[in-house]
Amino acid sequence: MLESKASVIVITGANRGIGLAMAQIFAKRGDQVFAVCRNASATLEQLAQQYSLKIIENIDVAKEQDVQTLKSKLSSVSIDLLINNAGILRDESLDNFNAEQIELQFQVNALAPLRICQSLQGCLRKGSKIALITSRMGSITDNTSGGRYGYRMSKAALNIAGMSLAKDLYTKDIAVGIYHPGYVQTDMVNGNGDISADTAAQRLVGLMDELTLDESGVFRHSNGEVLPW
């Protein structure tokens with residue numbers, strides 16, 4: 001588990017949805033939260049006024065320059081938990097094909113989390129943790145409906161990146177959690193879904209708290225189920 005003392009948490013995509021809900025949980029329990037986003041929401045700004053939460057705004061995780069700016073802002077910070085949550089969802093089919101949108105999803109969903117982990121590795125220490133918020137839509141075994149090419153492909157890429165991170169960081173005693181939040185009622189899915197962002201966040205935070213090096217690289221549903229690749 002994370003140590004009982006206040007931990008330092010960095011969350012990307014923290015201005016809304018699951019990212020905001022996780023930021024709220026961590027802030028309310030006394031952790032130091034760095035909320036990374038492109039544009040802060042009113043709710044996030046209110047949290048920053050009430051709790052130990054700092055907003056790092058104007059960060060587009062798909063842009064190398066912005067990731068370097070983030071690295072500079074966090075250069076003196078020792079991170080206990082780095083949560084790569086930022087992501088986008090587009091819809092493509094064979095009949096409605098959009099290569100540009102597929103590439104954009106790769107940039108945001110797959111390359112950006114890896115770039116951030118690489119850029120911030122100097123802020124990680126023995127016992128730190130990395131969490132990747134992915135999707136079971138990146139599971140090849142679980143794909144029973146097809147479509148959503150960019151999202152599925154980018155999340156599959158994120159999953160394998162997570163496994164490589166788990167292998168590469170094992171000797172540094174840094175654990176990597178790979179998490180599907182569930183079908184969550186967020187703006188990404190137009191409010192559809194079967195659980196709230198708060199419920200998903202509570203489950204995810206629980207899994208991150210319990211994450212150990214022995215569990216590093218395991219692909220889990222937020223309900224604790226181990227998912228197939």
> Residue check: is SER139 polar (S, T, N, Q) and more than 22 Å from LEU111 (Cβ to Cβ)?
Replying inline: no
> Which one is farthest from ILE11 (Cα to Cα), of the residues in the range 98-120 that are in a helix (DSSP H, G or I) and among the polar types (S, T, N, Q)?
Replying inline: GLN101
> Within the range 64-76, can you find the residues that are surrounded by fewer than 15 Cβ atoms within 10 Å (Cβ to Cβ) and in a loop (DSSP other than H, G, I, E, B)?
Replying inline: SER75, SER76
>> Being surrounded by fewer than 23 Cβ atoms within 10 Å (Cβ to Cβ), within 30 Å of SER7 (Cα to Cα) and of a type in the set (Asp, Glu) is the requirement here; does ASP95 meet it?
In response: no
> Looking at the range 121-148, which of its residues are surrounded by fewer than 18 Cβ atoms within 10 Å (Cβ to Cβ) and either assigned to a strand (DSSP E or B) or out of contact with any helix residue (DSSP H, G or I) (no Cβ under 6 Å at 6 or more places or on another chain) (or both)?
Replying inline: GLY122, ARG125, LYS126, GLY127, ILE140, THR141, ASN143, THR144, SER145, GLY146, GLY147
> What are the pairs, 6+ residues apart or on separate chains, where a residue within the range 129-151 that is without any contact (Cβ under 8 Å) to a residue 40 or more places away in the chain has its Cβ under 7 Å from a residue that is surrounded by fewer than 24 Cβ atoms within 10 Å (Cβ to Cβ) and assigned to a loop (DSSP other than H, G, I, E, B)?
Replying inline: MET137/ARG148
>> Of all residues being aliphatic (A, V, I, L, M) and free of Cβ contacts under 8 Å to residues at least 12 places away in the same chain in the range 56-107, which is farthest from ARG16 (Cα to Cα)? Just the residue, please.
In response: LEU94
> With (1) surrounded by fewer than 20 Cβ atoms within 10 Å (Cβ to Cβ); (2) in contact (Cβ under 8 Å) with a residue 24 or more places away in the chain; (3) farther than 23 Å from TYR179 by Cα; (4) not acidic (Asp, Glu) as the list, and LEU53 as the residue in question, which single condition is left unmet?
Replying inline: (1)
> Just one of THR171, THR134 is touching a Phe, Trp or Tyr at 6+ places or on another chain (Cβ under 7 Å), farther than 22 Å from SER41 by Cβ and at pLDDT 95 or above; which is it?
Replying inline: THR134
> If you take the residues of the range 7-18 that are out of contact with any strand residue (DSSP E or B) (no Cβ under 6 Å at 6 or more places or on another chain) and among the small types (Gly, Ala, Ser), which of them is nearest to THR199 (Cα to Cα)?
Replying inline: GLY17
>> Can you confirm whether MET208 is more than 22 Å from GLU64 (Cβ to Cβ) and either in a helix (DSSP H, G or I) or in contact (Cβ under 8 Å) with a residue 60 or more places away in the chain (or both)?
In response: yes
> Of the conditions (1) assigned to a helix (DSSP H, G or I); (2) exposed (fewer than 15 other Cβ atoms within 10 Å of the Cβ), GLY30 fails just one. Which one is it?
Replying inline: (1)
> Out of ALA21, ALA35, ALA48, which single residue is over 12 Å from LEU81 (Cβ atoms), touching a strand residue (DSSP E or B) at 6+ places or on another chain (Cβ under 6 Å) and either among the basic types (Lys, Arg) or crowded, with 20+ Cβ neighbours inside 10 Å (or both)?
Replying inline: ALA35
>> Which numbered condition in (1) within 21 Å of SER154 (Cα to Cα); (2) part of a loop (DSSP other than H, G, I, E, B); (3) at pLDDT 95 or above; (4) of a type outside the set (A, V, I, L, M) is the only one that GLY19 fails?
In response: (2)
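The values are calculated or read from the model by the stated rules, or taken from the named source; none is laboratory data. Keep in mind it's a predicted model, so treat the numbers as computed, not measured. FYI the Cβ positions are ideal-geometry reconstructions off the backbone, even for glycines, and counts take in every protein chain you see.
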